[in-house]
Amino acid sequence: MSEQQHYVRFSVAQRIEHWVQMLSFTALALTGIPQKFVGAGWAETWIKVMGGIEIVRVIHHAAAIVMALACIYHVVVVGYKIFVLRVRWTMFPRLDDLFDALDVVRYNLGLAKERIKLARYSFEEKAEYWAFVWGAIIMGVTGFMMWNPINTARFLPGDLIPAAKAAHGGEALLAVLAILVWHFYGVHIKTFSQAMFSGKLTRAQMEHEHALELERIEAGQVDPSPEPETIKKRERVFIPVAAILSALMLVSLFLFVNYEQTAITTLPRRAQVQVFAPITPTPTIRAGAPAPTAAALKELPASHAGRTTCNNCHANNIGPKNPADHAGRTDATCTACHKMPGAAPAPTVAPTTKPTTAPGAPAAPTTQPPTTGGIKVLPASHAGRTICNACHETGAAGPKNPADHAGRTDATCVACHKLP
């Protein structure tokens, strides 16, 4: 049996372009659809499998750049074929395509006995092609708006950015479904076409899918090729124009990618601040150390009448700056070591006099035994206890705090009470 006759359908350059578009589209779909349905369990799992949302976005952007470059190449090639080679516009829609679609529907419903003969590109292939062109424009415009949201909002209302996101995701979902349901079925399941692998179709496939084109080829009706001189003359006009347009498209693509660093990286990094600064308690008295008395408190050199917020001045250099060892101390602990002017320290010796002589005689001063002042030794062991008010504020587990202790905190207890 002789080998089955084959007809060239696509050139090597066309097949390479198709594979580039197919691979970039697949990468866009695999990284874009999970972002559209972010929050769903399967989408979150797939994003983690691909390395996280940042990696997914990098892949998505890289695939978009590859597809954009392929589209620029396609525009230049189509322009060369139309303007220089003057090939037939076989991919452009015609009114006959509408009638062809109606005839195919009639044939599939059994209303027509013979299948209609189709040309080089059927109405289905034309619909797919122009759907891709339309989709590429929509995806490019909305993708730019989402890739550059700050600069978009400078020229357009901000409400258009979420609208662009909705349009971008909807068009992407429509494109994926069209490829899976329409293109994949028609090319790889209904009749497996090897045109994008070998570039050729068998005679049986040509008869079934492109009967008019087959008749034209077998009748010797090939497209006339222009004379070399004519081609060179047309190229003198086309090449400079194509070079300028290509440069403009490449510059536009560069601006598309680098016009803005996005809102996340454009904002300056904020200063690192401590969210929680714990209160530094007054140091406890170590065993064997002399207990300070009220007389040891330092009197402030100036009047602070009516002032209660010490750090407003002394932590901000408005007044004398706090020493280094005061770092973290709060206003509530200041009076544990500093005495307001005019306030007398608690007496450590209480002089008293008793009349020891007869009435009318001068009194002879006598001194009673000194009373304990300043820091008082606690009557019971408080080893390991640091939260005084847990017991003494309510009196539930120890003597209740006196009335003049209202508002005092645990950090100030050791200023007056010494651990045994």
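Each value in this text was obtained by applying a stated rule to the coordinates, not by laboratory testing. These figures come from a predicted structure and were not determined experimentally. Because the Cβ atoms are built from the backbone with ideal geometry, glycine has one as well, and the counts that use them run over all protein chains shown.
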Given bins 5 angstrom wide, list per bin the percent of all Cα-Cα distances in the range 6-266, short to long. 1, 5, 9, 13, 16, 14, 13, 10, 8, 6, 3, 1, 0, 0
Ordered by fewest other Cβ atoms within 10 Å, a rough proxy for footprinting exposure, V241, V87 read V241, V87
Using 31 Å as the Cα-Cα cut-off, could you pick out the over-long pairs in K81/K200; K126/K165; K126/K200; K117/K165; K81/K165; K36/K200? K117/K165; K81/K165; K36/K200
Each label sits 7 Å from Cα toward the beta-carbon; between I55 and I244 the label points are separated, in nm, by 4.6 nm
Quick calc, V38 & N108: beta-carbon distance into FRET formula, R0 41 Å, rounding 0.05, result 0.55
Principal axes first, then extents: for the Cα atoms of the range 36-131, list largest minus smallest coordinate on each axis, whole Å, largest first. 54, 44, 16
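Express in nm, to one decimal, how much length is gained between H326 and L95 on full extension, taking 0.36 nm for each residue of separation and deducting their alpha carbon distance. Present the calculation step by step, with values, prior to reporting the outcome.
Working: separation 231, 0.36 × 231 = 83.16 nm, distance 8.86 nm.
Residue separation times 0.36 nm, minus the Cα-Cα distance, leaves 74.3 nm.
Grab the Cα-Cα distance for A380 and E235, subtract it from 0.36 nm times how many residues apart they are, and report the gain in nm with one decimal. Don't jump to the answer; show the numbers that get you there.
Working: separation 145, 0.36 × 145 = 52.20 nm, distance 10.54 nm.
Gain on stretching A380 to E235: 41.7 nm.
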Any chance you could get the radius of gyration and Dmax over the Cα atoms of the range 128-194, in Å? 15.7, 51
Low-density loop positions, GluC sites (Glu not before Pro), the range 147-227 - DSSP coil, at most 10 other Cβ in 10 Å: none
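Residue separation times 0.36 nm, minus the C-alpha to C-alpha distance between V8 and R120: what's the value?
Values: separation 112, 0.36 × 112 = 40.32 nm, distance 1.15 nm.
Taking 0.36 nm per residue and subtracting the Cα distance, the gain is 39.2 nm.
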So for R0 = 45 Å, FRET eff. of R88-A163 from the Cβ-Cβ r, to 0.05, ends up at 0.65
Take the Cβ-Cβ distance between L255 and N311 as r, set R0 to 41 Å, and report the resulting FRET efficiency rounded to the nearest 0.05. 0.20
Separation between the A219 and E393 pseudo-spin-labels, each 7 Å from Cα along Cα→Cβ, expressed in nm? 10.1 nm
Projected label distance in nm at K81 and R203, using a 7 Å step from Cα toward the beta-carbon: 2.6 nm
